[in-house]
Amino acid sequence: MVQRGHSFAIVDEVDSILIDEARTPLIISGQGDKSTQLYDMAEMFVARLKKQVVVQVDNKEEEEEGEDEDEDNPSICRTANESGADIFVSIHCNACSSHEARGTEIEVYGFGGASTLLARDIQNQILGAIDTVDRGVKARPDLCVLRNTEMPAVLVEMAFIDNDEDCQLLVENEDALARAIARGVTDYFNDIQA
């Protein structure tokens with residue numbers, strides 16, 4: 001028997017997933033040289049992952065009203081921890097000052113455990129779906145969204161937004177990337193239930 005590839009993820013009422021569309025990438029990385037159109041493109045990509053929004057939180061309104069963001073525990077971490085989510089997936093585009101770096105990597109707080117399994121499942125699906133450079137799974141205990149979330153958490157760096165080849169890869173493969181991330185999440189839930 002041959003099983004065809006998955007093209008969607010089914011999340012039942014037992015599973016709760018929080019997807020962070022990383023609207024504030026400057027908390028983690030510096031300002032890029034390219035225009036904000038590239039960040040808009042990343043936001044459009046994440047929107048493709050949302051088939052049904054159960055709860056949508058717009059933390060920007062709070063910040064604009066004068067509420068200061070706690071850099072050690074930003075509101076997205078508090079929201080994640082209060083949501084009851086089973087996993088936390090933060091989706092980003094990487095950047096490098098040389099504009100030469102390319103590829104996809106998944107970042108976790110530390111190696112071992114559920115977060116590493118989730119990261120490997122997502123990375124394997126992305127590598128199988130698009131022609132990208134495998135930058136692997138990396139430990140990043142310095143990132144607050146990995147350090148301050150209570151559930152298994154990963155930060156997906158889809159590609160380098162300031163590299164022309166990677167940027168083109170994002171444009172041409174939005175659906176493939178979204179589906180690969182969803183399949184990776186499905187693989188993870190299958191792995192932990194096996």
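The values are calculated or read from the model by the stated rules, or taken from the named source; none is laboratory data. This is a predicted model, so every value here is computed, not measured. So basically every Cβ, Gly included, is an ideal-geometry build from the backbone, and we count neighbours across all protein chains shown. Note: accessible area is taken over every heavy atom of the protein model, side chains too, but ligands, DNA and RNA are not part of it. Shrake-Rupley method; radii C 1.70, N 1.55, O 1.52, S 1.80 Å.
Selection over region 135-184 of residues that are touching a helix residue (DSSP H, G or I) at 6+ places or on another chain (Cβ under 8 Å), outside any helix (DSSP H, G or I) and among the acidic types (Asp, Glu) gives a count of 2. Pairing each residue of region 141-164 that is more than 15 Å from residue 93 (Cβ to Cβ) and open to solvent by 10 Å² or more (accessible area, probe 1.4 Å) with any residue that is of a type in the set (Lys, Arg) and assigned to a helix (DSSP H, G or I), provided the two are 6+ apart or on different chains, yields C-beta distances under 9 Å for 141/147; 148/78.
In the set (1) farther than 25 Å from residue 95 by Cα; (2) touching a residue at least 24 places away in the same chain (Cβ under 8 Å), residue 193 fails one condition alone, (2).
On the basis of being open to solvent by less than 20 Å² (accessible area, probe 1.4 Å), in contact (Cβ under 8 Å) with a residue 60 or more places away in the chain and hydroxyl-bearing (Ser, Thr, Tyr), does residue 90 make the cut? When the stated conditions are applied, residue 90 passes them.
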